[in-house]
Amino acid sequence: MSSSARTDRPPWAPAGPAGSAYDTDVLVIGSGPAGASMALALATYGVRVQMITKYGQLADTPRAHITNQRAVEVFRDLGIEDRLMREATPWPLMSNTTYCTSLAGQELGRVPSWGTDPRRHADYVLASPCAMADAPQTIVEPILVSQAQVRGAKIRFDTEYLGHVQDEDGVTTTVRDRLTQGEHTVRSRFVVGADGARSKVAEDLLLPFEGPGAVAGALSIVFEADLSRFVAHRPSVLYWMLQPGADDNGVGLGVLRMIRPWNEWMLIWGYDATSGPPELTDEFIRDLAAKLVGTDDFELRLSSRAPWTINHQFATTLAKGRVFCAGDAIHRHPPNNGLGSNTSLQDSYNLAWKLAYVVRGLAGPVLLGSYDTERAPVARQIVERANKSIRDTGRILEALGLTDTSDVARLHERLAALRAAGSDGEKTRHAMREAIASKSYEFNAHGVEHNHRYTSTAVIPDGTPMPEFTRDPELYAQPTTWPGAKLPHAWVTRDGAQVSTLDLGGKGRFTIYTGIGGDGWAQAAATLSAELGIDMPVVSIGPGQPFEDPYGTWAELREVPDDGVILTRPDLYVAYRAAAAPATAHEATAHLRTALTSVLGR
Ligand SMILES: Cc1cc2nc3c(=O)[nH]c(=O)nc-3n(C[C@H](O)[C@H](O)[C@H](O)COP(=O)(O)OP(=O)(O)OC[C@H]3O[C@@H](n4cnc5c(N)ncnc54)[C@H](O)[C@@H]3O)c2cc1C
């Protein structure tokens with residue numbers, strides 16, 4: 001940690017309002033998906049926020065891209081879903097994850113992915129009002145950052161975090177202006193370190209990490225080339241290549257990833273991290289691209305090339321005092337399952353409302369402790385899942401009876417077996433079909449995305465056990481209103497027009513969901529809104545109520561009777577529920593007050 005003396009304040013960092021001891025309420029370090037969504041959410045909630053980032057630009061390579069429904073729900077709540085969808089590659093084009101020897105070569109099989117399989121599509125459509133989308137980080141970051149700025153966040157490029165010291169009242173952070181090399185300090189109530197996989201904030205906090213760390217190396221090469229003739233008939237985001245040497249560490253096999261259909265691509269290739277990356281000459285890259293495409297008969301324009309490290313590491317504590325870490329700063333893993341940016345956004349969405357309530361004096365600091373309790377298990381889960389997905393790619397080789405692809409003659413012999421008559425061919429084809437189908441745990445892991453169940457001080461148990469999963473919890477989302485789960489999505493109607501139950505909550509507010517006979521809860525909400533100074537809308541759903549349930553879906557999902565109540569937090573997770581209305585509004589108020597003050601730590 002650094003505690004260098006305070007120097008002249010630059011013009012962009014004015015002191016807070018007259019008399020304020022703080023330059024800003026929250027200082028966010030990093031403008032990636034975690035930092036930018038934190039800045040956007042805080043600005044949306046009316047919190048003074050400054051975001052700094054080390055470089056002079058946002059992401060210059062399109063790393064993250066799969067944007068899952070849960071992330072789009074966050075975009076929706078923050079009012080930027082339409083912007084994202086306008087720029088993203090639409091869901092149907094994300095379908096056919098293809099395994100082949102090269103784009104022009106032998107196809108081994110396809111996985112209908114990201115919920116596009118007709119047998120899975122309904123699961124996805126039923127779980128969320130939002131679609132999946134493919135939105136490279138180069139699209140997502142400008143949307144988040146520009147909107148954060150429009151909503152009042154102060155944003156500073158070329159500004160590097162150097163260190164911080166915290167005391168009882170706040171945090172003093174030393175930063176360097178990389179244009180002038182001048183150093184100065186920023187005083188804030190809280191700091192969020194969203195500074196990526198090499199987080200200095202996490203290092204300074206001495207956050208404990210588990211996992212082996214760097215497990216492999218990979219190359220990312222971005223290029224433009226019109227490859228329509230190889231892919232437009234099997235639209236997908238990912239084409240995996242079984243090539244000699246491709247299984248050598250890295251992401252499992254060689255990959256061609258669509259960035260823009262079908263003329264912008266990222267090539268991903270593994271290398272042995274112990275011996276370092278190969279020299280990324282133009283010639284090396286062109287040869288590699290030709291190998292994966294299966295011909296050199298296409299024009300290629302190189303955009304960028306970079307080695308990176310595949311990690312297996314997660315923090316078991318995410319914060320210390322007034323300083324929190326989010327995103328890759330606390331979970332480092334391969335891109336398999338597309339969980340990195342999605343989870344980073346949700347870390348921030350989980351923490352932002354808590355910071356907002358504490359900054360506004362509506363909640364006690366204990367609420368902030370729930371960030372760690374709720375998100376640390378998620379960090380562990382996604383790191384383990386993504387790394388398992390790499391290992392499971394080995395099943396493709398096993399199906400061929402190979403341990404690696406280094407013996408080229410044997411590889412070709414086994415590939416030929418896939419097309420041969422006879423029992424060996426039949427057995428190999430069966431094994432390959434099973435191996436490829438098993439990749440659904442990477443490409444259709446809907447449950448991994450939706451089934452989080454938080455237990456923390458910000459959730460009030462109702463005494464019922466967590467509902468058992470009736471289907472594979474990694475593959476299938478299972479909605480429940482059990483406290484700690486995300487509110488189920490159902491289409492209800494207002495004046496006849498469809499609206500999602502998710503649209504009725506969120507937006508930085510606690511929300512009461514009730515129905516016919518739930519007047520006591522509505523009165524309690526009004527009383528407590530005034531008493532606690534929080535805005536808490538009431539959503540009453542049922543025949544003749546402001547919202548109706550003509551499809552009966554909400555009645556099926558809500559798990560409480562008409563006169564029961566579900567209290568959601570601003571992040572749309574269920575904080576509390578009760579199965580029946582108390583006898584009087586007074587009693588309802590008492591129950592709800594206990595729940596709310598406990599969640600808020602007041
Ligand atoms: C090839 C590839 C494909 C991927 N595909 C997907 C996918 O499909 N879906 C998905 O969800 N994820 C994917 N990911 C992962 C995803 O890119 C990361 O999980 C995500 O970028 C993490 O966001 P972040 O904001 O935590 O960190 P980053 O995006 O790394 O941002 C870190 C920020 O911190 C700033 N910073 C760093 N140090 C300092 C400092 N000292 N001072 C000031 N600022 C600092 C940087 O400038 C940057 O703005 C992929 C990753 C790779 C490499």
Identify all lysines with a Cα-Cα distance to Lys291 below 26 Å; exclude those on the same chain that are fewer than 8 residues away in sequence. Lys439
Counting only DSSP beta bridges with both partners in the chain, the antiparallel fraction in percent, to the nearest 5, comes to 75 percent
How much space per residue, in cubic angstrom, does the convex hull of the C-alpha atoms of the stretch 426-519 take up? 186 Å³
Prolate/oblate/rounded label for the stretch 34-150 (Cα gyration tensor, a/c 1.5): oblate
Between Ala104 and Ala420, what FRET efficiency comes out of the Förster formula 1/(1 + (r/R0)^6) with R0 = 22 Å and r the beta carbon distance, rounded to 0.05? 0.55
Across the Cα atoms of the stretch 133-287, what radius of gyration and what greatest pairwise Cα-Cα distance (Dmax) are found, in Å? 20.9, 63
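Of the GluC sites (Glu not before Pro) in the stretch 447-524, which ones lie in a loop per DSSP and count no more than 10 other C-beta atoms within 10 Å?
Numbers: sites: Glu449, Glu468, Glu474; in loops: Glu468, Glu474.
In loop regions of the stretch 447-524 (DSSP not H, G, I, E or B), the sparsely surrounded GluC sites (Glu not before Pro) are Glu468.
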Give me the compactness ratio for the stretch 211-289, meaning the Cα radius of gyration over 2.2 N^0.38 Å. 1.15
With all protein chains modelled, accessible area of Lys291 [1.4 Å, Å²]: 80 Å²
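Of all the accessible heavy-atom surface of the chain, with the other protein chains kept in place and a 1.4 Å probe, what percent is carbon and sulfur?
On the way: 11760 of 22970 Å².
Solvent-exposed carbon and sulfur of the chain make up 51 percent of the total.
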Cα centroid separation, the stretch 194-208 to the stretch 387-424 (Å): 40 Å
Please give me, ordered by residue number, the chymotrypsin sites (Phe, Trp or Tyr not before Pro) of the stretch 505-602 that lie in loop per DSSP and have at most 13 other Cβ atoms within 10 Å. Tyr551
Three principal axis extents, largest first, for the C-alpha atoms of the stretch 248-342, in Å? 58, 33, 21
Would any residue of the stretch 433-449 have its amide N under 19 Å from a label point 7 Å out along Cα→Cβ of Glu556? List them or say none. 447
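What FRET efficiency, computed as 1/(1 + (r/R0)^6) with R0 = 41 Å and r the Cβ-Cβ distance, is obtained for Leu302 and Glu210, rounded to the nearest 0.05?
Details: r = 38 Å, r/R0 = 0.93.
Result of the calculation: an efficiency of 0.60.
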What Kirkwood Rh does the stretch 446-600 have if only Cα atoms enter the pairwise 1/r average? Answer in Å. 15.6 Å
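Extension gain Thr309-Ser275, at 0.36 nm per residue separation less the Cα-Cα distance, in nm?
Details: separation 34, 0.36 × 34 = 12.24 nm, distance 1.26 nm.
Extending this stretch completely gives an extra 11.0 nm.
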Past the 28 Å Cα-Cα mark, which pairs from Lys54/Lys320; Lys154/Lys354; Lys154/Lys200; Lys354/Lys486; Lys54/Lys354; Lys200/Lys486? Lys200/Lys486
If a/c stays under 1.5 just call it rounded; otherwise compare a/b with b/c (prolate if a/b is bigger, oblate if not). Do that for the stretch 389-429, with a ≥ b ≥ c from the square roots of the Cα gyration tensor eigenvalues. oblate
State, to one decimal in nm, how far the label point of Arg471 lies from the label point of Thr457, with both points 7 Å from Cα in the Cβ direction. 3.8 nm
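FRET efficiency for Ala21 and Lys320, Cβ-Cβ distance as r, R0 = 25 Å, nearest 0.05?
Working: r = 21 Å, r/R0 = 0.85.
Approximately 0.75, to the nearest 0.05.
Decide, for the chain, between rounded, prolate and oblate: order the square roots of the alpha carbon gyration tensor eigenvalues as a ≥ b ≥ c, take rounded if a/c falls under 1.5, and otherwise choose prolate if a/b is larger than b/c, else oblate.
Working: a/c = 2.18, a/b = 1.33, b/c = 1.63.
It is oblate, given that a/c is not under 1.5 and a/b is not larger than b/c.
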Share of Cα-Cα pairs in the stretch 108-151 beyond 11 Å, whole percent, is 74 percent
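The values are calculated or read from the model by the stated rules, or taken from the named source; none is laboratory data. Here the structure is a predicted model, which means the values were calculated and not measured. Methodologically, a virtual Cβ is constructed for each residue, glycine included, from the backbone with ideal geometry; neighbour enumeration extends over all protein chains shown. Protein only, heavy atoms only, side chains kept; ligands, DNA and RNA dropped before computing areas. Shrake-Rupley method; radii C 1.70, N 1.55, O 1.52, S 1.80 Å.
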